[in-house]
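Data block below; observations after.
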Amino acid sequence: MSTRPTGRRTRAALALTALLGGAALTGLPATTAAAADGAVSVQYRTSAGGATADQSEPWFKVRNSGSVPVQLSQVKIRYYFKADSPDATYRFACSWAVKGCSVITGTFGTLARPTATADRYLEIGFTPSAGSLAPGADTGDMQLRFHRSTWQTLRQSDDYSFGGSQTAYADWNKVTAQLAGATVWGTAPEGNDPTDPTDPTDPPGGGQTLFDDFDYTSHTDPAIAAHGWSVRSDSGGPGVPGATWDPSKVTFSASGGNSVMDLETSTAGTGASTTHTEVLTRSMKFKNGTYAARVRFSDAPAYGPDGDRVVQTFFTINDLKAPMADDYAEYDFEYLPNGGWGEPSNILYTTSWETYNPDPWQAVNQHSESRRSFAGWHDLVVTIDDNAITYYVDGQHFGTHDAAYLPERPMSINFNQWLIDLDGQTSATPRAYHQQVDYVLHVKDQVLTPAEVGARIAAYRDAGTSFVDEVPVP
């Protein structure tokens with residue numbers, strides 16, 4: 001065991017407590033009767049009825065038309081369409097849903113027997129947190145959409161499941177629904193029963209998963225909150241006293257064919273001029289398993305003089321209930337391009353926390369470090385099982401920490417960028433630092449190798465999946 005040699009450090013957990021508040025977490029729904037005894041029907045409408053559109057907008061309601069409760073996690077809906085070109089790829093999104101977008105998944109597949117009006121499908125599913133439908137009940141509105149990954153105009157008038165005049169909800173048999181693997185609603189394009197073997201473009205199964213490609217328009221995109229994220233705006237630590245956490249400095253753009261999230265931190269040498277950025281999951285529901293993200297660290301500011309003691313991060317954390325509370329947990333990747341905490345220059349830390357006391361400062365943690373530049377893109381992986389916490393950087397083992405530091409409670413997933421202090425650079429000239437995030441992945445209760453993480457990410461992207469959250473709230 002070792003304790004990182006730092007001075008007094010204001011912990012992120014203090015801010016996390018204020019941000020998440022004391023709200024109780026909702027439990028999972030009770031088990032229902034076997035799904036095979038039930039039936040469902042699907043209603044459809046569209047809010048984009050033109051022959052061509054920037055994005056297709058199939059909206060659905062799923063109704064339990066049987067006599068027993070139906071577990072929504074056993075329901076799959078397929079919407080069939082014709083790709084705009086053989087190499088076209090698509091992205092799924094949920095704009096709004098009565099049950100919440102975070103419980104709805106969307107993946108794309110390729111039909112084994114293409115027809116004149118369909119060679120692809122969008123499959124809609126539900127996480128266990130979606131709960132169940134009583135007989136006669138429906139899901140309410142699910143306002144869904146998909147678009148070409150290049151945002152080129154798509155043609156939908158030749159799509160099998162499209163109904164341009166369908167502007168009010170009505171039963172729609174040109175989509176299919178499966179319940180517990182059996183087709184119970186609709187007619188697929190000829191020769192393409194959805195109970196056929198899994199298509200090769202489907203993403204791999206196994207393990208309840210969170211995956212986000214960060215395909216958003218801005219920090220005000222309603223899909224961010226619908227997908228369970230919070231863009232921080234409240235005051236407090238860590239970082240420079242008097243600094244603000246500015247949501248508008250979290251932006252989204254394209255890079256290398258993928259969507260990326262950008263966190264900007266800026267200062268002009270005073271607390272009042274300093275802005276930090278943070279994005280985190282609102283729910284603390286992540287514990288054992290695999291965590292991965294592709295993160296771009298930077299050594300120099302985008303403009304202005306260099307030298308600030310900036311911290312660029314990917315980490316999981318829960319709230320500190322009391323000083324030295326033994327159920328606290330935190331697992332960090334922290335890159336300091338200009339040093340700090342007693343370090344003179346670049347250093348990457350991975351740290352596993354048991355607990356700490358903020359004042360007077362006392363820490364119980366174990367860490368690994370590498371003193372070199374990590375500017376550029378890096379694949380970061382940390383796995384947690386019942387025996388150890390293991391960190392990887394770019395597929396290489398970085399450090400393994402002892403079982404004494406394993407989590408007792410679930411955590412949130414976080415990215416932030418902030419300044420330790422203003423001592424590293426005292427200039428009043430404005431400057432800004434950038435950290436980018438390509439994706440995040442968590443697979444509950446499964447330890448994956450970095451190669452297996454890479455395969456999962458590739459499969460989701462090949463299938464055109466930009467978001468899925470199957471991880472239940474404990």
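The values are calculated or read from the model by the stated rules, or taken from the named source; none is laboratory data. A quick note: this is a predicted structure, and the numbers were derived from the prediction, not measured. Positions of Cβ are backbone-derived with ideal geometry, glycine not excepted, and every protein chain shown enters the neighbour counts. Protein only, heavy atoms only, side chains kept; ligands, DNA and RNA dropped before computing areas. Shrake-Rupley method; radii C 1.70, N 1.55, O 1.52, S 1.80 Å.
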Might you let me know whether segment 26-35 holds any residue that is modelled with pLDDT of 50 or more, buried (at least 18 other Cβ atoms within 10 Å of the Cβ), more than 23 Å from the chain's Cα centre (by Cα) and of a type in the set (Gly, Ala, Ser)? no
Test: residue in segment 292-312 that is among the small types (Gly, Ala, Ser), buried (at least 17 other Cβ atoms within 10 Å of the Cβ) and not in a loop (DSSP other than H, G, I, E, B): yes
In segment 316-324, is there at least one residue being basic (Lys, Arg), over 23 Å from Leu280 (Cα atoms) and either open to solvent by 40 Å² or more (accessible area, probe 1.4 Å) or touching a His at 6+ places or on another chain (Cβ under 8 Å) (or both)? no
When (1) under 25 Å from the mean Cα position of the chain (by Cα); (2) farther than 28 Å from Tyr328 by Cα; (3) open to solvent by 40 Å² or more (accessible area, probe 1.4 Å) are applied to Arg409, the one that fails is (2)
Within segment 337-345, does at least one residue satisfy the condition of being open to solvent by less than 30 Å² (accessible area, probe 1.4 Å) and within 24 Å of Ile384 (Cα to Cα)? no
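Residue by residue, here is whether (1) open to solvent by 30 Å² or more (accessible area, probe 1.4 Å); (2) not hydrophobic (A, V, I, L, M, F, W, C) holds:
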{"position": "Thr52", "(1), (2)": "yes, yes"}
{"position": "Val62", "(1), (2)": "no, no"}
{"position": "Gly66", "(1), (2)": "no, yes"}
{"position": "Lys76", "(1), (2)": "yes, yes"}
{"position": "Asp87", "(1), (2)": "yes, yes"}
{"position": "Phe108", "(1), (2)": "no, no"}
{"position": "Ala116", "(1), (2)": "yes, no"}
{"position": "Phe126", "(1), (2)": "no, no"}
{"position": "Leu133", "(1), (2)": "no, no"}
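Do we have any residue at all in segment 257-266 that's part of a loop (DSSP other than H, G, I, E, B), open to solvent by 10 Å² or more (accessible area, probe 1.4 Å) and over 30 Å from Tyr90 (Cβ atoms)? Show your work before the answer.
To start, the set of residues in segment 257-266 that are part of a loop (DSSP other than H, G, I, E, B) comprises 257.
From what is left, the residues that are open to solvent by 10 Å² or more (accessible area, probe 1.4 Å) are 257.
Those still in the list that are over 30 Å from Tyr90 (Cβ atoms) too: none.
No: zero hits.
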Any residue that is more than 26 Å from the chain's Cα centre (by Cα) and at pLDDT below 90 - is there at least one of those in segment 196-208? yes
With respect to Phe415, is the statement that it is part of a loop (DSSP other than H, G, I, E, B), open to solvent by less than 10 Å² (accessible area, probe 1.4 Å), in contact with an Asp or Glu (Cβ under 9 Å, 6 or more places away or on another chain) and not small (Gly, Ala, Ser) true? no
Taking segment 49-76, which residues are assigned to a strand (DSSP E or B) and not small (Gly, Ala, Ser)? Thr52, Pro58, Trp59, Phe60, Lys61, Val62, Arg63, Asn64, Val70, Gln71, Val75, Lys76
Per the list (1) open to solvent by less than 50 Å² (accessible area, probe 1.4 Å); (2) within 16 Å of Gly125 (Cβ to Cβ); (3) in contact with a Ser or Thr (Cβ under 6 Å, 6 or more places away or on another chain); (4) not basic (Lys, Arg), residue check on Thr139 breaks on (3)
Set Tyr356, Tyr392: member being open to solvent by 20 Å² or more (accessible area, probe 1.4 Å), in a strand (DSSP E or B), closer than 23 Å to Lys287 by Cα and of a type in the set (Ser, Thr, Tyr): Tyr392
Scan (1) aromatic (Phe, Trp, Tyr); (2) within 17 Å of Ala463 (Cα to Cα); (3) in contact with a Lys or Arg (Cβ under 8 Å, 6 or more places away or on another chain) for the single condition Tyr160 breaks and write down its number. (2)
